[in-house]
Amino acid sequence: MPIVLIPLNFLAIFYVFYFHRKLDWRYALILSSLFTGTLIVAMTEALSSVMLLSAAPLSMLWLISLLLLLSYAAFASTAALRREFWCSAAQRAIQFVIEFRLLFLCLFVYLSITGLLAWIAPPNTYDSMTYHMSRVAHWIQNKTIDFYTTTIFRQLVSAPFSEYTIANLQILSGTDRFANFVQWSSMVGSLIVVSAIAAQLSASRFGQIASSVVCVTIPMGVLQSTSTQTDYLVGFWLTTLVYCILRWAKSPDLLCSVAIGIAFGLAVLTKPTAYIYAFPFILYLAICGLRKFSVRKVLFLITSFFIVVALNGGHLVRNYKSFGTPVAQSLDTGHYAYENEKFGPKTTISNILRNVGLHLENGTRFDRLFQRAIEKSHEALKIDINDELTTWPGYLFKIQGTSRHEDYAGNHYHTLLIIFCLAIYMAFMPKQNIATFYATGLALSFLAFCTYLRWQPWHSRLQLPLFMLWTPFIGLVIGYLNRYRIGDLIEVDIPPVTNKLRPVKYLFLVTHQIKVSFVFIAILIVSATPYLLYSSTKPIFGDRNIFNTPRNLQFFNSNPHFQDSYVEISNQIKSLKCEKIGLYEFADDWEYPLWLLLQEGSNSQYAIEFVSDSFKITNGELIERNKAFIPCAIVTTGRHDNQAITYKNVNYLLLHATKYLKLYAP
C-alpha cells in the first residue's frame, strides 16, 4: 500500500540524523517530523500547481524521496557502526522502560486505546463535517488545492497543513481511515518533545517521563487525539519550536535555525493561534540573537524567517489573489470577528477569569461557587460578564458541569496542578533562569490570548497547546517532589491498636511510604479515564458506541438529529442515477457526510460542486471549470423554502424534502 511510503520516509530521515549525524534520539525524531512535514507541503504544492494531486504522481514523489534518503544512508555509515548504535540504543531503551515501567504502562494504555478509537471511529465533529474533511474531498476531486467555488468560507481560508497531511494519507490509501491519525501521531510526538523540553529545564529522568504522562492525560488532548481537529497538531509544532529555541539559545547552529523556521512555519500553517502562543518565545529568540551580536547569528535568524515564508507562501498567495489579503481570515470582522472589539485591562481580566472558568467545571457544587465568584469579580470591575464586544455572539458565560466533547471539555485537574506547581517552584525550589523564563513565557502567552481573542465557549479546545507546553514545567516540579514520601510531609504518631485494627495500621504505614509525585500522577490518570472511555463523539461503552454503531452512522454521533435527513437524501440521489451533484446555499453546514454516504456501496464516481451564484470570490481558473458543471440534482438546506431553483437557465423542482436537507432535480 503506497501509504507506507510516508512513515518509511520519516524513518529514513531519522536514520540519517541519528546514525549519521549522531544526534540525541529525541532531537533526531523532532527533526524527522519537521522534515517530513516539509516534504508534505512541498509535494502537495508542487503537484497542485500542475493539477496532478492524485495517487500515481504522489506515490512517485514519495518513492523518489525514499530512494534518495536510503541511498544517502547506505553510504553515510559502516555496517559495524550501525550495529553498534542499534545495540547501544536498544540497551538504553530497555533499561529506561524497566526503570519507569509503571509510567510507561500508563502511556502504552492511553496510546493503545486512543489509537484504536482513531482507527475505528470516523471524524465526526462539526468542523470536520463542515470544512476539515470537505475541503480534502474537493482537493482530491479537483486534483489541486487551488481555491474553488464554495459558500463555506472556512474551506478556503483556514490554515491548511492538517488537511494537506490528511489528503496525502487519503490519496495514498484510498480511504479516510487514517484521517484521525494526524492528531494521534501528534500526541505521540508531543510526549517525546515535552520530555525533551523538561530535560532542557534540567528536570530529573523521572520528571521527564512524568511530563509525558501529564501530557497524555490532558482531557482535551485525550478527546482530540482521535479527531481531525488541529489543536494537537499545532501544539506539537509549538512544542518542537520551543524546544529548538531553547536549544538554539545555548548553542546556535544552522541546523537548529532551519528547524526553528520549519517548526514555526508549520505551526502557523496549521492554526493562527500559533502566532499568539509563540510570540514570547520568538521574542526571546530575537533577544538571544541580538545579545552578543554576531553576523552569524543574524544570518541564522534570517534563514529561519525565509523558511517560514516559503512554507506559507502558497497559501498566502492564494488568499491574496482571491481576497486581496494574504491572511483572509481577517475578513471576519465586526459581529463575528475572532478578536475583541475593545481592549483594556478590564477586558483582559474578564477574559482571564472566563477562560480559567472553562477549566474549573467538574460537575459538583463547586461549579456554582466558581460561577458566582467570577460573576462577583465582574461586578467589582463594573463590567458586563457577557459583553457582546468581548463575547462570541449568541453565547453566555456559564460553568455548566463536566463535558466530554472535544470542543468543550475542560482540563480541571491540570489547571489546579499548574497553579500548585507554580506555587511550589516559587516557594521551595532552587530558581533556574531557563525554568523561570519558560514559566513567564507561558504566562505571557496566556495573557496575549486573553487580551486579543474574544471569549468563546470552545476556547478550552484552542488552549490545548498551552496545556501541552505547561507539562515540561509540571514535570520539573514533580521530579523535584519525587524525593518526598507522604510520611515525610505528614507525621502522625500511631497509638497501639488491637488485632482488629491492625490491617488499618499496616495500610496507614504503606500509605506513608507512597511518593508524593505518584499521588498527583494517579489523580491525573484516574480523572482522565472517563474521557478515554466515554467520549461524547466516540464512546467505547454506552448505547451508541463505536462497536455497535455502523461506521457510516458514527459521523452523526455529535449531531444524531442530522442522520435521517442525510441518509434519505443520499438514497434519493442514488435512485436518480445522478453523478453530478450541486450544493446550493450551504452556509457553514455539514457537507462531508454526503460524500461518504453517496460513495458507500456504489461504483459511481460522484462529482460534487457548489453551484450558488451568490458567492463570487474564487480562483478564476476554477470558475471557468465550474461554468461547465451542470448538475443533475441540487441539494440545499432546510432553510431554503423555494419550490424551484434556477441555475444556468435550468429549472430544478423540489423532489424530496427532509427536516434539514432538500433535493431538487430538473
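The values are calculated or read from the model by the stated rules, or taken from the named source; none is laboratory data. As the structure is a computational prediction, the values presented were derived from the model and not from experiment. With ideal geometry, Cβ positions are generated from the backbone for all residues, glycine too; neighbour counts draw on all protein chains shown. The accessibility values were calculated without ligands, DNA or RNA, using every heavy atom of the protein model including side chains. Shrake-Rupley method; radii C 1.70, N 1.55, O 1.52, S 1.80 Å.
What does the charge dipole of the stretch 358-404 about its Cα centre add up to, to the nearest 20 debye, if the Cβ of each Lys and Arg holds +1 and the Cβ of each Asp and Glu holds -1? Could the numbers behind the result be given before it?
On the way: 7 positive and 7 negative charges, 57 e Å.
Computed about the Cα centre, the dipole is about 280 debye.
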### Task
Output the relative contact order of the chain, whole-number percent, from Cα pairs under 8 angstrom with separation of 6+ residues.
17 percent
### Task
Quick one: which residues, 5+ away or cross-chain, put their amide H under 5 Å from the amide H of F610? H built at 1.01 Å from N.
L583
### Summary
With the dipole of the chain defined by +1 on each Lys or Arg Cβ and -1 on each Asp or Glu Cβ, the option from A249, P122, I418 whose Cα lies farthest towards the positive pole is A249
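Which of the pairs K398/K538; K143/K321; K538/K580 have their Cα atoms more than 22 Å apart in this structure?
K398/K538; K538/K580
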### Message
Which of the three applies to the stretch 164-323, rounded, prolate or oblate, going by the alpha-carbon gyration tensor with a ≥ b ≥ c and a/c under 1.5 meaning rounded?
### Response
oblate
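Beyond 14 Å, how much of the Cα-Cα pair distribution for the stretch 230-316 remains, as a whole percent? Before the final figure, lay out the partial values.
Details: 2233 of 3741 pairs.
More than 14 Å apart: 60 percent of the Cα pairs in the stretch 230-316.
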### Distance from the stretch 528-569 to the stretch 372-423 (C-alpha centre basis), Å
28 Å
## Note on the structure
Check: C-alpha center the stretch 573-612 vs C-alpha center the stretch 1-16, spacing in Å is 35 Å
### Task
Search the structure for amide H atoms under 5 Å from the amide H of Y647, placed 1.01 Å from N in the peptide plane, and list their residues when 5 or more places away or on another chain.
Y652
### Task
Please determine, in degrees from 0 to 90 and to the nearest 10, the orientation of helix 502-512 with respect to the longest principal axis defined by the Cα atoms of the chain, where the helix direction is its Cα long axis.
80 degrees
### Query
Cα centroid distance between the stretch 178-198 and the stretch 443-457, in Å?
24 Å
### HN-Hα J in Hz across the stretch 470-479 - Karplus 6.51, -1.76, 1.60, θ = phi - 60°, x for Gly and Pro
6, 4, x, 5, 4, x, 4, 6, 5, x
### Task
Return one number: the angle in degrees, 0 to 90 and rounded to the nearest 10, between the long axis of the Cα atoms of helix 345-357 and the longest principal axis of the Cα atoms of the chain.
80 degrees
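Rounded to the nearest 20 Debye, what is the dipole magnitude of the chain about its Cα centre when Lys and Arg each give +1 and Asp and Glu each give -1 at the C-beta? Write down the numbers at each step before the final one.
On the way: 53 positive and 39 negative charges, 365 e Å.
Result for the chain is approximately 1760 debye, rounded to the nearest 20.
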### Message
Just to be sure I understand the curve: with the Debye formula and one point per C-alpha of the chain, what is log10 I(q)/I(0) at q = 0.07, 0.08, 0.09 Å⁻¹?
### Response
-0.50, -0.65, -0.83
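Using only DSSP helix segments of four residues or longer, with each worth -39500 (n - 2.57), what per-residue ellipticity at 222 nm results for the chain after dividing by its residue count and rounding to 500? Spell out each step's value before the answer.
Numbers: 28 runs with 401 residues, N = 666.
So the calculated ellipticity at 222 nm is -19500 deg cm²/dmol.
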### Summary
Going residue by residue through the stretch 570-577, the Karplus relation 6.51 cos²θ - 1.76 cosθ + 1.60 with θ = phi - 60° gives ³J(HN,Hα) values, rounded to whole Hz and with x marking Gly or Pro, of 4, 5, 5, 5, 4, 5, 7, 6
### Summary
Largest first and rounded to whole Å, the semi-axes √(5λ) derived from the alpha carbon gyration tensor of the stretch 1-75 read 24, 13, 9
### Message
Give me, ordered by chain and number, the residues 5 or more places off L661 or on other chains with an amide H under 5 Å from its own placed amide H.
### Response
G638
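Compute the accessible area per residue over the chain, keeping the other protein chains in place, probe 1.4 Å, unit Å². Mind dumping the intermediate values first?
Working: 28790 Å² over 666 residues.
In whole numbers, the chain has 43 Å² accessible per residue.
If you roll a 1.4 angstrom probe over the protein chains with everything in place, what fraction of the accessible area of the stretch 348-444 belongs to carbon and sulfur, to the nearest %? Working shown, then result.
On the way: 3130 of 5030 Å².
Ligands and nucleic acids excluded, carbon and sulfur reach 62 percent.
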### Task
Can you tell me the 0 to 90 degree angle between the C-alpha axis of helix 55-76 and the longest principal axis of the chain, rounded to 10?
30 degrees
